[in-house]
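Visitor: Handing you a structure now.
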Amino acid sequence: MEIKVLEKGDKNMRLLIKGVDTPFVNALRRNALAEVPCMAIDDVVIIENSSVLQDEIVAHRLGLIPLKTDLDGYNLPEECSCKSEFGCNLCRVTLTLDREAKEGTVTVYSGELVSENPNIVPVSDKVPITKLVKGQKLRLEAYARLGKGKNHAKWQPVSTCTYKYLPQIKIDSKNCDACGKCVEICPRKVLEKSEGKIEIRDLPACTLCQDCMDACPKEPSAIEVGWEENAFIFSLESTGVLPPERIMEEAVKILEKQLKELASQIKVRKT
Amino acid sequence: MEDGGGKMKVNVLNKTENELKIELEGAGHTLCNLLQKKLLEDETVDLAGYDIPHPLASNPILYVRTKGDVKPEEALHRAVEKILELSKEFSKELKKALKT
């Protein structure tokens, strides 16, 4: 097996994974989307809301604000030792919001939420919650919890998580007369023409659309697009709640946990 | 939708010398597809497949049939071990790749 980091930023990551099969990368993808926990507001107590938005709309908007997550410091409510419906300090974070439009129209932003834990704060301060006109008030207490993407999309730590086969482009140099039609048609600018030859500029960008094969005037086509079995380009884009590498690591850990759970139960049946 | 939280529960639906039909409560395509693939790679396995009876319930039914006198639960165990090995290697390689 071979893994290479193609691209890595604060929020995104692109990996080249060689030597694994589709069900395995798919399991990682599915786990990253649905099983890796992250924080989101789940319960809201509205003390006063005289804005034009109804309470439930405000609550829904609050839920969808991505919150920076501390996976090591907090437990999933269903696994927490407190076993309480309301949660405890280990499985719940309280955020408060108190805003009144003193004059004119104001927009209430996510940055105005005050968290009891300075590490659990909105990823962005600029998510609008609602607008208030002079005299209107919004006062509420919100409880954030860890949750899983399979229960609600607000608990999804990734916005994009996909994989594709590693493209393989073969150019038959004997047959090719470097007319450049394939370079022109390629929507991702994978190819380039240099010194009377067609060369590959950016292989991972190829979407395997095979338009270049159709565009080639030669019969048979001088360019051939295929893909490598068991080699993948895995792209992951975090919403900002967790670093992308952490999401990947957690996805593997969760897969291992699921397998161990299954194995332990089969062992029992064997006796 | 898969069930919220909770542990996986295995219910045996049918078991003979070389057949095993189990229900995996709390699992989904993630695990079953992986298991099926690994089981089919095993030469002693005659047939392996799974079915999700209802898309909103997370109780896939996994079926394994083996050839000769290999117990199906042994084959299943081997498949799990194989995937665990793969995931260990993966996390090792991932750490290595992220360091550089």
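Visitor: What is the count of Lys pairs in the stretch A:38-152 whose alpha carbons sit under 28 Å apart, if the two are 8 or more places apart or on different chains?
Guide: Close lysine pairs under the 28 Å cut-off: 16.
Visitor: Check each of the GluC sites (Glu not before Pro) in the stretch A:8-99 and keep only those in coil by DSSP with at most 13 other C-beta atoms within 10 angstrom; list them in order.
Guide: A:85
Visitor: Quick one: Cα centre-to-centre distance for the stretch A:215-271 and the stretch A:1-38, in angstrom?
Guide: 5 Å
Visitor: Follow-up. Check cross-link reach from residue A:267 to the aspartates and glutamates: straight Cα distance under 15 Å, and skip same-chain residues fewer than eight apart.
Guide: Reachable aspartates and glutamates: B:73, B:74, B:81.
Visitor: Karplus couplings for the stretch A:47-53 from phi (6.51 cos²θ - 1.76 cosθ + 1.60, θ = phi - 60°), rounded to Hz, Gly and Pro as x?
Guide: For the stretch A:47-53, the Karplus curve yields 8, 8, 9, 10, 6, 6, 7 Hz.
Visitor: Looking at the calculated P(r) for chain B, what percent of the C-alpha pair distances fall above 15 Å?
Guide: That fraction is 65 percent.
Visitor: Still on this structure, please answer the following. Taking chain A as the reference, fit the longest principal axis to its C-alpha atoms, fit the long axis of helix A:22-34 to the helix C-alpha atoms, and give the angle between the two in degrees, 0 to 90, nearest 10.
Guide: For helix A:22-34, the angle is close to 20 degrees.
Visitor: Right, here's the next one. Can you list the chymotrypsin sites (Phe, Trp or Tyr not before Pro) in the stretch A:164-271 that are in a DSSP coil and have 14 or fewer other beta carbons within 10 angstrom?
Guide: Qualifying residues, ordered by number: none.
Visitor: With +1 on the Cβ of every Lys and Arg and -1 on the Cβ of every Asp and Glu, and nothing else charged, how large is the dipole of chain A about its Cα centre, in debye rounded to the nearest 20?
Guide: 300 debye
Visitor: Here's a follow-up. Rounded if a/c is under 1.5, else prolate if a/b is larger than b/c, else oblate: which is the stretch A:221-271, with a ≥ b ≥ c the root eigenvalues of its Cα gyration tensor?
Guide: oblate
Visitor: Taking only Cα atoms of the stretch A:38-152, what ratio of Rg to Rh do you get with Rh as the Kirkwood inverse-distance radius?
Guide: Taking Rh as the inverse mean 1/r over Cα pairs, Rg/Rh reads 1.00.
Visitor: While we're here: Residue-wise, which Karplus ³J(HN,Hα) couplings in Hz belong to the stretch B:26-41, taking 6.51 cos²θ - 1.76 cosθ + 1.60, θ = phi - 60°, and x for glycine or proline?
Guide: x, 9, x, 4, 3, 7, 5, 5, 5, 5, 4, 4, 5, 5, 5, 6
Visitor: Under 19 Å between alpha carbons, and skipping anything fewer than 8 positions from residue B:92 in its own chain: which lysines qualify?
Guide: A:4, A:8, A:18, A:253, A:257, A:260, B:82
Visitor: Given axes a ≥ b ≥ c from the Cα gyration tensor, I'd like to know whether the stretch A:103-214 is rounded (a/c under 1.5), prolate (a/b larger than b/c) or oblate.
Guide: prolate
Visitor: Go through A:94, A:45, A:123 and say which Cα lies farthest out towards the positive end of the charge dipole of the stretch A:38-152; charges sit on Cβ, +1 for Lys and Arg, -1 for Asp and Glu.
Guide: The one lying farthest along the dipole's positive direction is A:123.
Visitor: Cross-link candidates for residue A:174: which lysines have Cα within less than 18 Å, leaving aside residues fewer than 8 places away along the same chain?
Guide: A:193, A:197, A:218
Visitor: Can you tell me how chain A classifies by the Cα gyration tensor, rounded, prolate or oblate, using a/c under 1.5 as the rounded cut?
Guide: oblate
Visitor: Oh, and also: Which whole-angstrom value gives the distance between the alpha carbon centres of the stretch B:78-94 and the stretch A:57-92?
Guide: What the calculation gives is 31 Å, centre to centre.
Visitor: While we're looking at this one, here's another question. List the chymotrypsin sites (Phe, Trp or Tyr not before Pro) in the stretch B:39-100 that DSSP assigns to loop (not H, G, I, E or B) and whose Cβ has at most 16 other Cβ atoms within 10 Å. Which are they?
Guide: Answer in residue order: no site qualifies.
Visitor: Continuing with the same structure: Against the longest principal axis of chain A, how steep is helix A:244-270, in degrees 0 to 90 to the nearest 10, with axes from Cα atoms?
Guide: Long axis of A:244-270 versus the principal axis of chain A: about 90 degrees.
Visitor: What are the ³J(HN,Hα) couplings of the stretch A:134-144, residue after residue, when phi is run through the Karplus curve with 6.51, -1.76, 1.60 and θ = phi - 60°? Round to Hz, x for glycine and proline.
Guide: 3, x, 7, 10, 9, 10, 7, 10, 10, 10, 9
Visitor: Where does each of A:60, B:54 land when they are ranked from fewest to most other beta-carbon atoms within 10 angstrom?
Guide: B:54, A:60
Visitor: For every helix of n ≥ 4 consecutive DSSP H residues, a contribution of -39,500 (n - 2.57) applies; sum these over chain A, divide by its total residues, and give [θ] at 222 nm rounded to the nearest 500 deg cm²/dmol.
Guide: Calculated from helices alone, the mean residue ellipticity at 222 nm is -6500 deg cm²/dmol.
Visitor: A follow-up question, please. What cysteines in the protein assembly as shown have no other cysteine with a beta carbon less than 4.7 Å from their beta carbon?
Guide: That list is A:38, A:161, A:176, A:179, A:186, A:206, A:209, A:216, B:32.
Coordinate-derived values only; no laboratory data. Owing to the predicted nature of the structure, the values given are computational and were not obtained by experimental measurement. For neighbour counting, all protein chains shown are included, and Cβ atoms are generated from backbone atoms with ideal geometry for every residue, glycine included.
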